[in-house]
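The values are calculated or read from the model by the stated rules, or taken from the named source; none is laboratory data. Quick caveat, the model's predicted, so the values are computed rather than measured. For neighbour counting, all protein chains shown are included, and Cβ atoms are generated from backbone atoms with ideal geometry for every residue, glycine included. Accessible surface areas use protein heavy atoms only, side chains included; no ligands, DNA or RNA. Shrake-Rupley method; radii C 1.70, N 1.55, O 1.52, S 1.80 Å.
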Amino acid sequence: MKEKGDRSIRILLADASRLTTLGITQVLEHEADLQIVGVAVDGEDAVSQAGTVEPDVLIIEAELP
C-alpha cells in the first residue's frame, strides 16, 4: 500500500489514437502509484510536453508521426 508522502510514477502518453490513450488512461487511473501527467498526439507534441511536465515514464506508440 502506498504510504502518504510517497511519490507516484509520472507518465506521459504519446499516441495518435485518442481511443488508445483513453483506454490506457482508464486502466492506469485506478493505480494509486501512477499519475498521467500528459497526453501527446504526435512526436513533436511528446517532446514539447516531456520538457514541460518532466515525466518519469513515456509510453509511446511505436509508429508515432
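Things to note:
- The stretch 36-65: number of residues that are open to solvent by less than 80 Å² (accessible area, probe 1.4 Å), under 15 Å from residue 11 (Cβ atoms) and polar (S, T, N, Q): 1
- Matching residues, the stretch 10-51, being touching a Pro at 6+ places or on another chain (Cβ under 7 Å) and over 17 Å from residue 64 (Cβ atoms): 10, 37
- Residues in the stretch 16-35 that are open to solvent by 40 Å² or more (accessible area, probe 1.4 Å), closer than 17 Å to residue 58 by Cβ, of a type outside the set (Val, Ile, Thr) and not in a loop (DSSP other than H, G, I, E, B): 34, 35.
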